[in-house]
Structure formats: C-alpha cells, structure tokens
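Data block below; observations after.
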Amino acid sequence: MSIVPSKFRTTQFELSDPALFRGFSYVGGRWTAGASAQMFAVSNPADGSHLGDVASLSASDSARAVDAAQQAFGPWSSMLPQQRAATLRRWYELILAHKQDLALLMALEQGKPISEARGEIDYGASFVEFFAEETKRPNIESVTSHLPDAEVEVWREPVGVAALITPWNFPSAMLTRKAAAALAAGCTVVAHPSAQTPFSALALAELSERAGFPAGTFNVVTGDAPVVVEPWMQDRRVRAVSFTGSTEIGKLLYRQSAETIKRLVLELGGHAPFILFADADLDQAVEEAIKAKFATSGQDCLGANRFFVERPVYEAFCSRFAEATSRLTVGAGMDDPDIGPLMNEAAVAKQEQHVADALGKGARLLTGGARHDAGRLFYQPTVLADVPADALIMHEETFGPVAAIAPFDTEEEVLQRANDTEYGLVAYLHTQDPRRIYRASRTLQFGMVAVNRTKVTGAPIPFGGMKQSGLGREGSRLGMEAFTDVKYVCRDWA
Ligand code: NAP
C-alpha cells in the first residue's frame with residue numbers, strides 16, 4: 001500500500017511525479033506505517049509550514065527490517081556483479097531523471113537553496129554511478145605464496161546487513177554515498193534518515209523500487225532515531241554500521257557496536273581551519289572563503305569555522321570578506337538565496353551563543369550578528385574579527401553562518417593552532433609557496449587538505465576525517481572496505 005500525505009498537495013509547489021512523496025517506511029519491498037500506524041509531522045524550516053506526516057516505526061517494526069534485509073542478503077550477494085551494477089545504474093539514471101523533484105523535496109524539508117539542492121542530487125548520484133562500476137572490479141587478489149607447495153588467494157566478501165544512519169544537512173547524498181557502496185559490495189541495507197528530513201530518503205526508496213532492487217535489499221525505516229537504531233545495534237546480523245552525524249552520537253554508536261563487533265564507518269563533526277598566508281591570491285581567497293564558510297548555509301561538516309590570516313593581509317582580508325558576506329542573500333530554499341534557514345531553534349541559539357561569547361571576550365563584529373528578519377530560523381551571515389583563542393567558536397562546531405577570524409605571525413604558530421582541536425576532517429590552505437604547501441599538508445592533522453580551493457569532494461576520493469572526526473572513508477574504492485570482510489584461502493598443490 002502506498003501513501004501520499006495530502007498536506008503536501010496543498011503547498012504551492014507541485015512535484016511532477018507526486019509518487020515520489022512518500023510518508024510510509026519502505027521495508028521488505030512494501031510501504032508500511034508499522035504495527036501502530038503512528039505518524040510524526042515534518043515541517044519546512046523556512047516558514048514552519050507543515051509538509052506532511054511520516055510513519056514512526058517501533059523497535060519491533062525496525063527489527064523486522066533487519067529480517068527483510070537478512071533474507072535478501074543471500075540472493076543479492078550471490079547475484080552476478082554485472083546484474084548488481086545494472087540495478088545500481090538504473091537507480092542512478094532514475095535519480096538524475098527526477099533531479100528537479102528530488103531537489104524540490106530537499107529545498108522544502110531542509111531549507112537548502114534550490115540550486116544547492118540540485119547540486120546535492122548530482123553529487124549523491126555520482127556515488128551510485130561510481131559504485132555501480134566498482135562492483136564489477138575484481139575482488140580477488142592473488143598473492144605470491146610464502147609456502148613452497150601452496151597457492152594463496154585473498155578474497156573480499158560482503159559482510160551482511162549494513163545499517164546506515166544519515167543526518168539532515170545532506171539528506172540525499174549521505175544516503176547514496178553509503179548505500180551505493182554497501183549495495184555494490186553485496187550487502188543489503190537498513191537505513192534511518194533524520195526525522196527532520198525523511199522525504200528525500202523515502203523518494204530514493206521509491207526510485208530504488210523502480211530500479212528493480214529485490215525486495216528487502218534496500219530498506220528505509222523512519223521514526224524516532226534511538227527507537228529505530230538501537231535494535232540494529234543489538235542485532236548480531238547487522239555486521240556494519242555507517243553513520244554520519246555528530247561526534248556525540250558517533251561515540252554512542254561506537255560503544256553500542258562493541259557488543260557484536262560491527263564494522264564501523266563514522267563521518268562526524270569538523271572544525272575546519274582556513275589558513276591564509278600573505279603570499280596568496282587575495283581575490284581568490286575571499287571567493288573561496290565565502291564558499292568554505294557559507295555553503296549549506298554554514299551547516300556543513302566541511303564548513304570553515306576558524307579563519308587564520310597572516311598579519312600583513314589581515315585587515316584587507318577582514319574588510320573584503322565582511323563586505324562579500326554582507327552581500328549574501330538570505331531566504332527560503334525555493335527562492336534560491338545564498339543562505340537558507342537553519343534547521344531548528346537550537347541551531348539559531350548556538351549562533352547567538354557563539355557570537356555573544358566571542359564579543360564578550362573582545363572580538364570585533366564586522367557584519368551581521370543577529371537573527372535575520374526572513375523568519376524564525378534565519379540568522380544573518382556574520383563575520384567576527386580578532387576572535388581570541390579561548391572563544392567557544394574557536395573550539396566548537398558552530399554549524400551556521402558565523403565566521404571567526406584571527407591573525408597569525410608565523411607558519412609554525414598557525415599550524416599548531418590549526419591542529420589544536422579534537423576534530424580533523426578538512427583544512428583549507430591558501431599560499432603560493434610550493435614548499436610551504438608541502439610542509440603544511442604534511443603537518444596538518446586532517447583527513448582532507450584543500451589547497452587554494454574549496455571544493456575537493458567527489459565520488460573517486462576518500463572522504464573522511466582524522467581524530468574525533470571519524471573512522472573509515474567514504475567514496476573511492478576505500479568506501480567499500482567496511483562493507484567487506486577479507487578472507488584468505490591457502491590451497492595445497494599436492
Ligand atoms: P546527529 O544529531 O548526530 O544526527 C545524525 C543522525 O543520527 C540522524 O539520523 C539522527 O536522527 C540520528 N540519531 C540521533 N540520535 C540518535 C541515537 N541516540 N541513536 C542513533 N541515531 C541517532 O547529527 P545532526 O545534528 O543530524 O548532524 C550534524 C552533525 O553531522 C554535525 O556534527 C556535522 O559535522 C556532522 N556531519 C558530518 C559529515 C561528515 O561526513 N563527516 C557530513 C555531514 C554532517 P534524528 O535527526 O531523527 O534525531
């Protein structure tokens with residue numbers, strides 16, 4: 001049985017394919033509201049309007065999704081890789097064919113500016129295409145034997161059912177990035193999207209059905225996260241967990257995984273430094289700084305939180321960056337502004353807290369610094385200069401449109417300050433000196449280093465962090481590692 005929540009039809013935005021708007025969970029190839037048929041409401045962060053209701057599944061409903069995935073595992077994992085690849089490829093093509101509808105859903109439920117939402121659909125689809133190809137690559141390695149009378153091979157085998165838990169800030173791409181790798185490896189999937197943005201994931205489930213994934217291969221379970229996810233963490237049949245979200249919940253899942261020794265991928269928080277040396281191209285640096293800070297309205301794990309600027313260009317950068325920031329437009333995702341709403345009241349309160357704390361400790365406000373009159377969940381793009389090292393914003397992820405700038409004098413000093421964080425996801429570096437680029441890239445304790453540019457992500461690269469930014473990598477061939485076990489086979493010649 002399928003459902004199209006009626007509320008959505010009353011909004012001024014029509015999907016060209018209304019069947020993409022799903023309110024039930026997708027389990028074992030069926031749309032279900034679970035045994036209790038309880039629903040929860042999802043609203044548009046731009047104006048608080050009600051978008052629709054979504055099924056809130058119970059713990060036992062959620063456990064049934066693992067039954068379905070376990071049942072589907074045998075047939076899916078033993079399918080010819082070419083067939084798995086063809087199914088993934090059909091999913092990829094369907095996602096692109098419905099890009100506009102998927103972006104619309106995302107702009108409404110997440111608040112993301114519609115052009116950014118379209119970009120996320122492209123980005124997310126690229127993982128499905130990439131892993132459709134990877135599934136065909138040989139997964140057997142022949143090793144030169146260390147024994148005179150034996151032949152040695154190393155195989156990669158799918159681990160089994162994989163649980164995927166995704167955040168609200170990239171409601172589509174975080175799911176495809178994980179699911180495509182898991183499915184390509186031969187695993188089956190149970191996925192929990194954030195309750196704040198479930199419609200993007202449910203639309204992907206609808207397209208997975210059309211792509212022809214066998215029932216139970218890809219399941220999307222909506223509801224209260226602890227209720228849905230905990231049964232998966234306890235279930236010994238769930239062999240891998242891939243999570244994107246806060247470091248706090250990542251640590252909880254790490255602890256919960258210990259009981260059954262699950263494979264883990266954790267993509268957690270970031271606190272990116274943006275380091276600008278005086279020899280860099282200042283025009284380019286200002287342009288890239290705007291992208292590094294304000295993409296996804298600042299709600300981005302890759303978002304630059306701390307700007308360190310070498311003293312000779314400090315004032316010039318501060319004034320040019322503040323001036324460019326003050327020109328950013330703010331509004332609802334569907335109006336395609338530069339900056340959309342924040343996700344919830346707690347996010348807005350965090351901007352206020354970080355700004356008040358920095359100003360109280362002597363920072364200088366260059367632009368912004370208050371809520372925006374576009375609506376309850378909007379905050380002005382803000383730039384703070386002279387932010388002291390003990391300000392909260394220099395240590396905690398702000399996850400919003402507030403930039404903190406501080407001057408530095410030496411390379412050694414700035415690299416030490418950049419590394420002085422428990423996070424290690426991405427660092428941005430601007431300089432023209434090739435030897436400094438090499439030294440800094442080596443010294444920075446971050447999983448990704450972006451030199452003289454901001455955009456570095458994509459399906460072929462290993463995305464992930466060091467220290468408390470996470471474990472494992474997504475994208476690239478490494479993206480399939482957590483979904484496979486290594487088996488070594490040693491055969492006697494005789
Ligand atoms: P979050 O609160 O940790 O939530 C992430 C996911 O975990 C959501 O699906 C959430 O569901 C679920 N969840 C919440 N409590 C849970 C529990 N007790 N057990 C199991 N699952 C639980 O993070 P967020 O606020 O949504 O996302 C922002 C964070 O994600 C930031 O720290 C950001 O840096 C990080 N992030 C990292 C990356 C990366 O690749 N490294 C990418 C994007 C975001 P509900 O939302 O329904 O509660």
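The values are calculated or read from the model by the stated rules, or taken from the named source; none is laboratory data. Everything numeric in this text was worked out from a predicted model, so none of it was measured. Methodologically, a virtual Cβ is constructed for each residue, glycine included, from the backbone with ideal geometry; neighbour enumeration extends over all protein chains shown. Quick note on the areas: whole protein, heavy atoms, side chains included, nothing else; ligands and nucleic acids left out. Shrake-Rupley method; radii C 1.70, N 1.55, O 1.52, S 1.80 Å.
Observations
- Members of the range 66-84 that are open to solvent by less than 50 Å² (accessible area, probe 1.4 Å) and under 21 Å from Ala163 (Cα atoms): Val66, Ala68, Ala69, Ala72, Phe73, Gly74, Trp76, Ser77, Met79, Arg84
- Residue among Gly74, Gly48 that alone is assigned to a loop (DSSP other than H, G, I, E, B) and over 24 Å from Ala173 (Cβ atoms): Gly48
- Within the range 411-426, restricting attention to residues that are open to solvent by 30 Å² or more (accessible area, probe 1.4 Å) and in contact with a helix residue (DSSP H, G or I) (Cβ under 7 Å, 6 or more places away or on another chain), the residue that is nearest to Lys293 (Cα to Cα) is Glu422.
- Hits in the range 386-396 (condition: without any contact (Cβ under 8 Å) to a residue 40 or more places away in the chain and surrounded by fewer than 20 Cβ atoms within 10 Å (Cβ to Cβ)): Asp386, Pro388, Ala389, Asp390, Leu392
- Asp279 modelled with pLDDT of 95 or more, open to solvent by 10 Å² or more (accessible area, probe 1.4 Å), among the acidic types (Asp, Glu) and in the same structural domain as His192 (by TED's automatic domain parsing): no
- Criterion: within 18 Å of the chain's Cα centre (by Cα), more than 10 Å from the ligand (Cβ to nearest atom) and crowded, with 19+ Cβ neighbours inside 10 Å - qualifying residue of Leu207, Leu164, Leu202: Leu202
- Residue satisfying all of: in the range 359-385; under 17 Å from Lys293 (Cα atoms) and open to solvent by 50 Å² or more (accessible area, probe 1.4 Å); nearest to the ligand (Cβ to nearest atom) among these: Gln380
- In the range 126-138 there is at least one residue matching the filter, namely being surrounded by 24 or more Cβ atoms within 10 Å (Cβ to Cβ) and within 14 Å of the chain's Cα centre (by Cα).
- Selection status of Ala272, within 15 Å of the ligand (Cβ to nearest atom) and buried (at least 24 other Cβ atoms within 10 Å of the Cβ): yes
- Which listed residue, of Phe399, Phe408, is open to solvent by 10 Å² or more (accessible area, probe 1.4 Å) and in the same structural domain as Gly303 (by TED's automatic domain parsing): Phe399
- Among the residues of the range 306-321, those identified as more than 16 Å from the ligand (Cβ to nearest atom) and among the basic types (Lys, Arg) are Arg311, Arg320.
- Of the criteria (1) within 9 Å of the ligand (Cβ to nearest atom); (2) open to solvent by 20 Å² or more (accessible area, probe 1.4 Å), which one Gly303 fails: (2)
- Residue check for Ile437: more than 16 Å from the ligand (Cβ to nearest atom), among the hydrophobic types (A, V, I, L, M, F, W, C) and outside any strand (DSSP E or B): yes
- Any hit, the range 329-340, residues being under 30 Å from Glu109 (Cα atoms) and within 16 Å of the ligand (Cβ to nearest atom): yes
- Within the range 332-358, the residues that satisfy the criterion of being open to solvent by 40 Å² or more (accessible area, probe 1.4 Å) and in a loop (DSSP other than H, G, I, E, B) are Asp336, Asp338, Asn344.
- Applying the criterion of being of a type in the set (Phe, Trp, Tyr) and part of a strand (DSSP E or B) to the residues of the range 447-492, the residue that is farthest from the ligand (Cβ to nearest atom) is Tyr488.
- Glu230 over 18 Å from the mean Cα position of the chain (by Cα), open to solvent by 10 Å² or more (accessible area, probe 1.4 Å) and near the ligand (Cβ under 10 Å from one of its atoms): yes
- Pair list, Cβ < 8 Å and 6+ apart or interchain, from the range 12-28 residues that are under 12 Å from His98 (Cα atoms) and acidic (Asp, Glu) to residues that are at pLDDT 95 or above and open to solvent by less than 30 Å² (accessible area, probe 1.4 Å): Asp17/Asp101
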